[in-house]
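Here's the structure, in structure tokens; my notes come after.
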Amino acid sequence: MSRFEIKMPKLGESITEGTIISWSVQVGDIIKEDDVLFEVNTAKVSAEIPSPVEGKVVEILFKEGDTVAVGTVVAIVDIGGENSEDEVSEETPQEVLQSSVTDESVAVVSKAASEETPQVKAVKSEEERWYSPVVLQLAREAGIQPKELDTIPGTGYQGRVSKKDIKSYIVRKQSGGTTMAQPAAKPSPQPVASVAPQPVTTAPAQSSAKPAVTPEIQRTTPAFGTFSAEGVEVKEMDRVRKVIADHMVMSKHTSPHVTNVVEVDVTKLVKWRDKNKDAFFRREGVKLTYMPAITEAVAKALAAYPQVNVSVEGYNILFKKHINVGIAVSLNDGNLIVPVVRDADRLNLNGLAVAIDSLALKARDNKLMPDDISGGTFTITNFGTFKSLFGTPIINQPQVAILGVGYIEKKPAVIETPEGDVIAIRHKMYLSLSYDHRVVDGSLGGNFLYFIKDYLENWKE
């Protein structure tokens with residue numbers, strides 16, 4: 001038997017683990033290349049992991065809900081020839097099969113002990129309930145509205161709606177059956193009680209955030225439930241928000257942050273965009289925003305000042321050969337993700353515009369793949385989207401700098417002319433650069449920021 005190991009992929013910069021949300025295959029299934037094996041969730045992305053090979057699934061080493069370190073083998077696929085099935089039978093002892101069955105039974109029982117009842121899950125709002133990209137896509141194709149989707153009981157991890165759940169619901173609905181969600185079948189209470197004291201495998205951030213309650217209360221309390229005490233509503237962070245919170249605290253603890261701010265006259269850039277945006281849309285099919293121009297300026301600055309395109313490991317400085325610019329995108333659920341434009345210095349303005357627009361759409365549709373969010377060497381965050389003049393952004397570790405872009409507004413300004421100083425209406429914008437003072441000094445940070453300012457102020461119309 002020729003065995004191929006399926007490993008937990010690296011799903012983003014600084015991400016060391018992922019939680020298996022659901023398996024799309026079972027032991028014994030014949031799979032083709034690019035067939036979805038499992039769905040994984042991290043702080044930065046939810047993704048369906050496709051199979052890189054064709055063959056037969058012979059082992060699944062982790063169950064749904066397990067948090068697995070990057071690089072760990074999660075499944076084994078037999079990619080042998082015609083006799084592979086016989087070889088598997090010979091090489092698989094009966095006791096191994098029995099152990100696998102036992103593990104799966106324990107997993108089902110343990111999951112039932114940790115989840116809330118389907119009736120409680122069904123009344124949760126869309127904001128509190130997480131759906132995978134494939135579930136959302138199937139719901140949209142079937143014309144299922146968000147309120148209706150919230151009523152469907154889930155059999156997946158933490159009561160989530162799996163692909164099987166949504167497909168079954170659609171079949172029942174199309175066949176004229178009842179459209180009201182029915183509670184999912186529950187295991188008998190006896191085995192639940194026997195394993196209730198056992199800990200449930202979760203991310204460390206999740207387990208530490210749980211309130212100290214008795215096992216009986218924990219089994220009946222929703223994982224993301226709310227309650228009030230003396231006029232205060234308490235709501236637990238979702239998993240993404242927990243990891244973001246931990247990452248922000250870690251960044252401030254790791255890097256001594258310094259922030260410089262400059263005011264940029266972008267009048268030439270504004271006039272150029274107003275003049276070319278309609279033709280650009282007809283030609284490229286995407287809206288022309290200011291972000292491609294800003295990204296181009298950043299890429300040029302990183303090429304001119306490679307000391308900023310680095311990361312730090314202990315007392316070593318790692319100089320990156322590629323300029324990969326991450327651009328923060330605000331998601332519909334309020335969380336934040338940073339897709340990466342790779343080799344931004346090699347793209348022209350048209351290429352940058354198309355790449356940024358494509359990544360932003362994929363991010364908001366929850367369709368980003370691991371490669372889309374990994375390998376960033378510098379980050380841009382746009383405060384101007386929310387009409388903010390400027391901010392002091394937190395460095396996206398392990399990078400050493402991040403640029404904040406403020407709102408563009410008209411302001412009176414003194415302009416030097418051959419005839420003397422005059423007051424004119426100009427388009428102004430603040431840029432703020434936060435940098436790691438361990439490796440970026442004030443001189444380097446100031447020169448880097450001024451390079452971007454000068455590039456934008458002298459934009460060629």
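Just so you know, all these numbers are worked out from the coordinates, no wet-lab data involved. The model shown is predicted, which means the values in this text are computed figures rather than measured ones. Every residue, glycine among them, receives a Cβ derived from its backbone with ideal geometry; neighbour counts consider all protein chains shown.
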Quiz item: Taking neighbour Cβ counts within 10 Å as the exposure measure, how do 232, 340, 171 sort from fewest upward?
Solution: 232, 171, 340
Quiz item: What trypsin sites (Lys or Arg not before Pro) in region 322-423 are in a loop by DSSP, with at most 12 other Cβ atoms within 10 Å of the Cβ?
Solution: 387
Practice problem: Pull out a ≥ b ≥ c, the square roots of the eigenvalues of the alpha-carbon gyration tensor of region 255-457, then state rounded if a/c is under 1.5, prolate if not and a/b is larger than b/c, and oblate in the remaining case. | Solution: oblate
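Relative contact order for region 285-393 using alpha-carbon pairs under 8 Å, separation at least 6, rounded to a whole percent?
On the way: 149 pairs, mean separation 31.9, N = 109.
Result for region 285-393 is 29 percent.
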Quiz item: Taking other Cβ within 10 Å of each residue's Cβ, how do 322, 253 sort, fewest first?
Solution: 253, 322
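Once a ≥ b ≥ c are taken as the square roots of the eigenvalues of the Cα gyration tensor of region 287-354, is the result rounded (a/c under 1.5), prolate (a/b larger than b/c) or oblate (a/b not larger than b/c)? List each step's numbers first, then the result.
Numbers: a/c = 2.78, a/b = 1.30, b/c = 2.13.
Here region 287-354 falls in the oblate category.
Rounded, prolate or oblate: which fits region 356-449, taking a ≥ b ≥ c as square roots of the Cα gyration tensor eigenvalues, rounded meaning a/c under 1.5, else prolate when a/b beats b/c? Walk me through the numbers before you get to the answer.
Values: a/c = 3.08, a/b = 1.58, b/c = 1.94.
Cα axes put region 356-449 in the oblate bin.
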Quiz item: Which whole-Hz couplings ³J(HN,Hα) result when phi for each residue of region 426-440 is put into the Karplus expression 6.51 cos²θ - 1.76 cosθ + 1.60, θ = phi - 60°, listed in order with x for Gly and Pro?
Solution: 10, 8, 10, 8, 9, 10, 10, 10, 9, 9, 7, 6, 5, 10, 10
Exercise. Name the residue farthest towards the positive end of the dipole of region 340-424 from the options 385, 418, 402, assuming +1 on Cβ of Lys and Arg, -1 on Cβ of Asp and Glu, about the Cα centre.
Key: 385
